[in-house]
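Since the structure comes first, as C-alpha cells, the remarks are kept for the end.
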Amino acid sequence: MSMPATLNIVVTGVGALIGQGIVRSLRSSGRAVSIIGVDRNERSPGTYSVDVFEKKPEMSEDSQAYLDYWERVIRQHGVSLVLPGLEIDMHFLDQHRAWFEAQGVVLALNTPQLIAQTCDKWIFGEILSGIDYPVIPSLKPKSWAEAVDILGPPPLLFKPLRGNGSHGIVKLDDERDFQYWSNKACDTWMLQRIVGSADEEYTVGVFGFGDGDILAPIIFRRRLSAAGNTLEAELVSEHLILQEAVTKLCQHFRPVGPTNLQFRVERDTPYLLEINPRFSSSNSLRTAFGFNEAEMSIDYYLYGKTPSAPVLREGIAWRYTEDFVTYASHSL
C-alpha cells in the first residue's frame, strides 16, 4: 500500500484527555504526520495542538448528514487513518466499518466481537465466569438487605452497566444511599463487592494482533483522580500474577490494537475491573515510558507491520493541572 510522505491522520475527541494524549504520542513518534483534530468543543486547548481542527457538527450520528460531514473531512484532508479518542466515536466507527473502507480510510479499531462483549458490565462478567476467570461478586438486588446478605457488609459499589472510567460509580454505605441511586438509575445498574485496595490497582496496556498474541504488556500501579482517570502511574517491571492473567485473557478475547485492562489484586487474585477495547486515558503516560500505541497503530493498521517490542523505561509519572492561555488576537 503506497502512502504519502506525510500521513494525514484524524484524531477524534481532541478536547478530552484521551484524544489529547493520542496527539502528543503522534508528535513524539517522529513520524511525518498532519493531525486533523475532531471535537464538538472548538474552545479547547486540544484545538491548538493539531494541524487542522474540524468541529464535529451538532446532529444525530445516525443521520446521512453526519456521514456527509465525514466524507467531506476525508476528501478535503486526504485522510489515511482515524484514531478514535472517545468511546462514542469508537462505536460510531465500528458500526460504519464498511462505509469508511469504501472511502479508502483505515480505522484503528479493535474487533467487533470485543467491542460488543465489553459494552455491558453485567454481560461481560457472565462471559468471564464462562471462561473460568475470577469475577468480582456482583448482584442486581431487589433490596439493600439482599445486597448485604449476598455481597457482604458495606460499603458496596454501585455501577452503571454501561460507561467507562469511574463515571457513575458510587460507594454505597447504607440503605438510604441504595434507595437514592437505584431509583435514579432505573434498571441499568448493579452492585459489587469492593475488592482489593487502592494500593493494588493496576492499568495494563497491550497491543494485540487478533490471534491471542500481543506485545509484552506495560503494567502501571496507579492512583486515580476523582474523575476516574490515572493521576499517578508507576511502572511495574514484573508482576507474574498480572502477566499470567493478561496472557489468559488475551488468548481468549484476541484483541486487536490498543487495548487496556484494569485490575485490582486481592490475596493474589487478579480481579478484572474492565477491558477498554481502545486507546485509554493513560495512553500518553505509556508513551512516556516507551510504549507508543499511536505509533504502533500506524505500523500495524496502515503498513501491516508487527510493531517492534518497545524498550520500557522505569519510573513514576504524575498528571497535574496547568494553565493554557491564548490572547484575544489569537482566539478562535
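Sorted ascending by nearby beta carbons within 10 Å, beginning with the fewest, PHE92, PHE289 become PHE92, PHE289. Cβ crowding within 10 Å ranks TRP144, TRP181, TRP99 as TRP99, TRP181, TRP144, fewest other Cβ atoms first.
Among the GluC sites (Glu not before Pro) in region 210-269, those located in a DSSP loop and surrounded by at most 13 other Cβ atoms within 10 Å of their own Cβ are GLU238. Here the label points at ILE169 and ARG72, each 7 Å from Cα along the C-beta direction, are separated by 4.0 nm in the simple model. PRE reach from ALA185 (point 7 Å along Cα→Cβ): which of region 122-158 fall under 12 Å by backbone N? Those under the cut-off are 122, 139-141, 156-158. Using R0 = 22 Å, the C-beta based FRET efficiency linking ARG43 and ILE88 works out to 0.65. A DSSP coil position with no more than 13 other Cβ atoms inside 10 Å describes none of the trypsin sites (Lys or Arg not before Pro) in region 145-190. I'd like the FRET efficiency for ALA5 and TYR327, computed as 1/(1 + (r/R0)^6) with the beta carbon distance as r and R0 of 35 Å, rounded to 0.05. For R0 = 35 Å, the calculated efficiency reads 0.50. Of the beta bridges in the chain, as assigned by DSSP with both residues counted there, near 70 percent are antiparallel. Think of the chain as having a plus end and a minus end, set by charges on the Cβ of Lys, Arg, Asp and Glu; of PRO307, ILE9, ALA294, ILE9 sits farthest toward the positive end of this dipole.
Extending 7 Å from the Cα toward the beta-carbon at both VAL135 and HIS252 defines two label points whose distance is 1.0 nm.
Modelled spin-label separation between ARG319 and ALA98, with each label point placed 7 Å from Cα along the Cα-to-Cβ direction: 3.8 nm.
Since every read-out is calculated from the coordinates, none of them should be taken as a lab result. Keep in mind that what you see is a predicted model, and the values were worked out from it rather than measured. Cβ atoms come from the backbone with ideal geometry, glycine included; neighbour counts cover every protein chain shown.
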